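Participant: The structure that follows is given in the form of structure tokens.
The values are calculated or read from the model by the stated rules, or taken from the named source; none is laboratory data. Keep in mind that what you see is a predicted model, and the values were worked out from it rather than measured. Cβ coordinates were reconstructed from backbone atoms using ideal geometry, including for glycine residues, and neighbour counts include every protein chain displayed. Quick note on the areas: whole protein, heavy atoms, side chains included, nothing else; ligands and nucleic acids left out. Shrake-Rupley method; radii C 1.70, N 1.55, O 1.52, S 1.80 Å.
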Amino acid sequence: MTPRGRAASALVLVLLLAALCGAQVHAPDASPGKVILGRPSVEAAFQLLLAADFALPLPSNAGAAAPANSSSLWWCSECRAAEDASLAPEAPRLLLGAARATTLAQIGVGKNRPVVMSTRDFVLVCAVAQTLVKDLSREELAFARAWAGTPRGDLDAHASAHLWLWRMLRLQAHFEALLGLNAAPPRGALPAPGARFGHGQRGEVYLFADIEAYRAFGRHHFGSSGARTSWWFHQGAGACVAAQCVGSEGSAEESARFDHSMAHQCFFMYREFLYHLPAWVHEGLGAWFERRHKVHGATFCLLGAVQGWNTDIGDDWWAQLKLRVQTGKDEAVVPFSQRSKLHELPPELHPQAWALTAYLIGLGPQRYRVFLDTLKKQRAEESTPELLYRAVETAYGCDLVSLQDNWRAWVKGLKGKP
């Protein structure tokens, strides 16, 4: 056999052994140690069909009682008399660690009392007196009217609460589907955490139509509030708390912003671990859910006052990001991941957080589940950069530099546009 023939045979043998052993095979032109992760499509990375779209069964006719298989999904302060109390989730006795009536009395909504709803995992307090139907999808409108008994016209306070409950349950279903929490865990993942994503208390979500009531709520309970959305951890109640003021933007845009906030809520409740991860991990996931909507704004989360931020970065995040990557102006993954506080992630870096998250999801939701599960199990002696390195290595089989190289090549070469 010629030397060339012997070399070819040896290469075939090496590749065969690598396949039998489950080893990572590198492309012939790859540098030593470089891992080729793949290049997911636009659909896989940015939209990701999560089984069938979320839906709840509707009552057979207006005013009929809810079907038994769905009445157990929530308790409602306005329609509780029509529900089987033995099936409904427990009504919240406490809100923000105080008696429910005490906390509700602090929410100024004029003559309209807030509607309180609860599920197995969340409590929703909706102080929204009316919702205009002109921007609602047909599915949203049918659900809200059927369950709240509002046959026509704009939605009253009760129907509005059911609409926001539907949106909350839909986001939760998509989050659970993304992580595969209702299926067998992939290799390397932790078992599904069960009720409340493993958190000790139900999450609490507050919706306001009045901006001053929203601000007063934030000042009273937490000392501050975001421009129109806020998220806190209430130490006394041991609960994750989100608040949003709605009514000034279009309904579709507010629904997208709500998904951003609820993605944070689910993420931080997941496995009940609240240390400071790299900011891009949870901000990227919030933007990923928000920008799945055809109509959306741009939510920039921060803690504390920030000077000099320019939030007017436009809506075409992909074009901006691709230009930054092509000109080498994107931030290297290690310093990018050392930004653990939200105010350390300025608006111009949010497209990078969003696209890096999309890339990891596009490589496979099972891998992304392992990635998050590893992040949620930080070892006592482990620094945050070490933890991130271990999560990437466990889920994707590469180091941070290889991840960065693969991501940059994907951004440069992706066919199509999110």
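Participant: Could you calculate the FRET efficiency of Thr102 with Ala227 from 1/(1 + (r/R0)^6), where r is the beta carbon distance between them and R0 is 25 Å, rounded to 0.05? All intermediate terms of the calculation are to be shown ahead of the outcome.
Facilitator: Numbers: r = 27 Å, r/R0 = 1.10.
E between Thr102 and Ala227, to the nearest 0.05, is 0.35.
Participant: Something else: Using a 1.4 Å probe on the protein heavy atoms, what percent of the accessible area of the range 329-405 belongs to carbon and sulfur?
Facilitator: Percent of accessible area from carbon and sulfur atoms in the range 329-405: 49.
Participant: Something else about it: Cα to Cα, under 15 Å, and not fewer than 8 places away if on the same chain: which aspartates and glutamates meet these conditions relative to Lys377?
Facilitator: Glu272, Glu386, Glu393
Participant: Residue separation times 0.36 nm, minus the C-alpha to C-alpha distance between Ile211 and Glu348: what's the value? Mind showing how you got there, number by number?
Facilitator: Details: separation 137, 0.36 × 137 = 49.32 nm, distance 2.75 nm.
Full-extension gain reported as 46.6 nm.
Participant: Quick one: length gained pulling Glu43 to Glu381 fully straight, 0.36 nm per residue minus the C-alpha distance?
Facilitator: Working: separation 338, 0.36 × 338 = 121.68 nm, distance 3.89 nm.
Difference between extended and current length: 117.8 nm.
Participant: Carbon and sulfur together cover what percent of the accessible area of the range 123-200 at a 1.4 Å probe radius?
Facilitator: Working: 1630 of 3150 Å².
Using a 1.4 Å probe with all protein chains present, the range 123-200 comes out at 52 percent carbon and sulfur.
Participant: Within the set of other residues whose C-beta is less than 11 Å from the C-beta of Ala195, count the net charge using Lys and Arg as +1 and Asp and Glu as -1.
Facilitator: Values: positive: Arg120, Arg196, Arg202; negative: Asp121.
Local net charge: +2.
Participant: Around Cys398, which amide H atoms from residues at least 5 apart in sequence, or from another chain, sit under 5 Å from its own amide H, with H modelled in the peptide plane?
Facilitator: Residues meeting the criterion, in which the H sits 1.01 Å from N, are Glu393.
Participant: Right, another one. Name the shape class, rounded, prolate or oblate, that the alpha-carbon gyration tensor gives for the range 142-238, where a ≥ b ≥ c are the square roots of its eigenvalues, rounded holds for a/c under 1.5, and otherwise prolate holds if a/b is larger than b/c and oblate otherwise. Each step should come with its number before you reach the end.
Facilitator: Values: a/c = 2.86, a/b = 1.23, b/c = 2.32.
Since a/c reaches 1.5 but b/c is at least a/b, the shape of the range 142-238 is classed as oblate.
Participant: What does the convex hull of the alpha-carbon atoms of the range 293-418 project to on average, in nm²? All intermediate terms of the calculation are to be shown ahead of the outcome.
Facilitator: Numbers: hull surface 35.5 nm².
Mean projected area for the range 293-418: 8.9 nm², to one decimal.
Participant: Sticking with this one: Which of Lys134/Lys417; Lys329/Lys415; Lys341/Lys376 have a Cα-Cα distance over 23 Å? Kindly include the intermediate steps, with their values, before the conclusion.
Facilitator: Working: Lys134/Lys417 29 Å; Lys329/Lys415 21 Å; Lys341/Lys376 17 Å.
Pairs exceeding the cut-off: Lys134/Lys417.
Participant: Provide, for q = 0.24 Å⁻¹, the log10 of I(q)/I(0) from a solvent-free Debye sum over equal Cα point scatterers in the range 275-354.
Facilitator: Listed by q, the Debye log ratios stand at -1.31.
Participant: Once you have the Cα-Cα distance between Asp399 and Glu249, take 0.36 nm times their residue separation minus that, and quote the gain in nm to one decimal. List each step's numbers first, then the result.
Facilitator: Details: separation 150, 0.36 × 150 = 54.00 nm, distance 4.24 nm.
Net length gain for the segment: 49.8 nm.
Participant: If R0 is 35 Å, what FRET efficiency do you get for Lys294 and Arg219 from their C-beta distance, rounded to 0.05?
Facilitator: Numbers: r = 35 Å, r/R0 = 1.00.
Once the sixth-power term is evaluated, E becomes 0.50.
Participant: Apply 1/(1 + (r/R0)^6) to the Cβ-Cβ distance of Ala55 and Gln130, taking R0 = 35 Å, and write down the FRET efficiency to the nearest 0.05.
Facilitator: 0.90
Participant: Let me ask something additional. Can you give the net charge of the other residues whose Cβ lies under 9 Å from the Cβ of Gln130, counting K and R as +1 and D and E as -1? Intermediate values should be presented prior to the final figure.
Facilitator: Numbers: positive: none; negative: Asp154, Asp156.
Net charge in that neighbourhood comes out at -2.
Participant: Still on this structure, please answer the following. What translational D, rounded to a whole number of µm²/s, comes out for the range 80-233 from Stokes-Einstein when the hydrodynamic radius is the Kirkwood one over Cα pairs, at 37 °C and 0.692 mPa s? Kindly include the intermediate steps, with their values, before the conclusion.
Facilitator: Numbers: Rh = 17.3 Å.
The calculation lands on 190 µm²/s.
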